[in-house]
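No lab work stands behind these numbers, since they all come straight from the coordinates. Source: prediction; values computed, not measured. Every residue, glycine as well, gets a Cβ built from its backbone with ideal geometry; the counts of neighbours run over all protein chains shown.
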Amino acid sequence: MAEFKEMSFLQHVDELRGHLWRSSIAVLVGSVIAFVFTDFLFDSILFGPYRSDFLTKKALCWLGQKIQIDTLCLGELPMQGFQNISMSGQFTWHIWACLIAGLVMAFPYILFEIWRFVRPALHAHEQKKISGIVFFSSFLFFSGVCFGYFILAPMTVHFLGTYSVSVFIENKPTFTSYISTILQLTLGTGLVFELPVFVFFLARLGLIGPKFLRKYRRHSVVIILILAAVVTPPDITSQVLITLPLLLLYEISIWIAARQFPKEG
């Protein structure tokens, strides 16, 4: 703590610049790796939820056969591939996809750099209480990414890809709309899964407590539904699917806040 007080404002800025620089390098390294493995990134990862042999689709089909519910087998989509109607469309989204992949890969290291910057400002007992914050935040983030990729993405792609209001309309989505949907689902879900971490810091600052969270539990359902609508495309299936784990995370957040305020718990 003393070391933190002795540093001037400009020294803090310089220290922060170093952490941001190292974080940027980590994202860049991850992006370069993603760029080198472009075929794997696009054909196996990003276009995975579109393919009929995707892991989730195969698991659902197996389950459907076991319990004799054929509708669980999502099957082939009626659309064949995607269109690129912009001259720079493929190049632009290639760069964006690699950058986001680099961000996802570097996320734990970015959190570690943030922790290194904040740690000197904390007392020894405070450092001990949140020593595992990097691990748990990374765990929640990757859990959200996996949930968005393996659960939401195939459901959303199948629903929107097969939705039709008339036989005279053929679904021919663009490459841009598909990639943006997949990236929005995976990255967005990873970020909203950080809800318990966000509540933890608000509770540490004394801004909210378990009584507050319990009192406004009904209101939180509305906020979570709005958040689900922002993160997911406009289909009810994906919104319901993401709402359920967010409600569970909200209950976990109440427990976390109660540990910060034992008298209120």
For TYR109, only one of the following conditions fails: (1) within 20 Å of THR176 (Cβ to Cβ); (2) touching a residue at least 60 places away in the same chain (Cβ under 8 Å); (3) of a type outside the set (S, T, N, Q); (4) out of contact with any Pro (no Cβ under 8 Å at 6 or more places or on another chain). What is its number? (1)
Check whether at least one residue in segment 131-146 is aliphatic (A, V, I, L, M), farther than 28 Å from CYS61 by Cβ and touching a residue at least 40 places away in the same chain (Cβ under 8 Å), and report yes or no. yes
Looking at ALA26, ALA59, which one is closer than 30 Å to PHE82 by Cβ and among the small types (Gly, Ala, Ser)? ALA59
Which pairs do you get when a residue that is in a helix (DSSP H, G or I), found in segment 239-251, comes within reach of a residue that is surrounded by fewer than 18 Cβ atoms within 10 Å (Cβ to Cβ) and of a type in the set (Lys, Arg), reach meaning Cβ atoms under 8 angstrom, with the pair 6+ apart or on two chains? TYR250/ARG217
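Tell me yes or no: at least one residue of segment 176-191 is closer than 17 Å to ILE252 by Cβ, free of Cβ contacts under 8 Å to residues at least 60 places away in the same chain and part of a helix (DSSP H, G or I).
Within segment 176-191, one or more residues are closer than 17 Å to ILE252 by Cβ, free of Cβ contacts under 8 Å to residues at least 60 places away in the same chain and part of a helix (DSSP H, G or I).
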For the list (1) touching a helix residue (DSSP H, G or I) at 6+ places or on another chain (Cβ under 9 Å); (2) hydrophobic (A, V, I, L, M, F, W, C); (3) closer than 23 Å to LEU60 by Cα; (4) surrounded by fewer than 13 Cβ atoms within 10 Å (Cβ to Cβ), I need the number of the one condition that LEU244 fails. (1)
Pairs with Cβ under 8 Å, 6+ apart, first in segment 77-90 and in a strand (DSSP E or B), second among the β-branched types (Val, Ile, Thr): GLN83/THR174
Go through LEU74, LEU103 for me and flag whichever is surrounded by 16 or more Cβ atoms within 10 Å (Cβ to Cβ) and not in a helix (DSSP H, G or I). LEU74
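Let's see how each residue does on (1) aromatic (Phe, Trp, Tyr); (2) more than 22 Å from ILE25 (Cα to Cα):
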{"site": "TYR109", "(1), (2)": "yes, no"}
{"site": "GLU113", "(1), (2)": "no, no"}
{"site": "VAL118", "(1), (2)": "no, no"}
{"site": "LEU122", "(1), (2)": "no, yes"}
{"site": "HIS125", "(1), (2)": "no, yes"}
{"site": "GLY132", "(1), (2)": "no, yes"}
{"site": "SER138", "(1), (2)": "no, no"}
{"site": "CYS146", "(1), (2)": "no, yes"}
{"site": "ILE151", "(1), (2)": "no, yes"}
When you scan segment 110-131, do you find a residue that is touching a His at 6+ places or on another chain (Cβ under 9 Å), surrounded by fewer than 18 Cβ atoms within 10 Å (Cβ to Cβ), among the β-branched types (Val, Ile, Thr) and part of a helix (DSSP H, G or I), even just one? yes
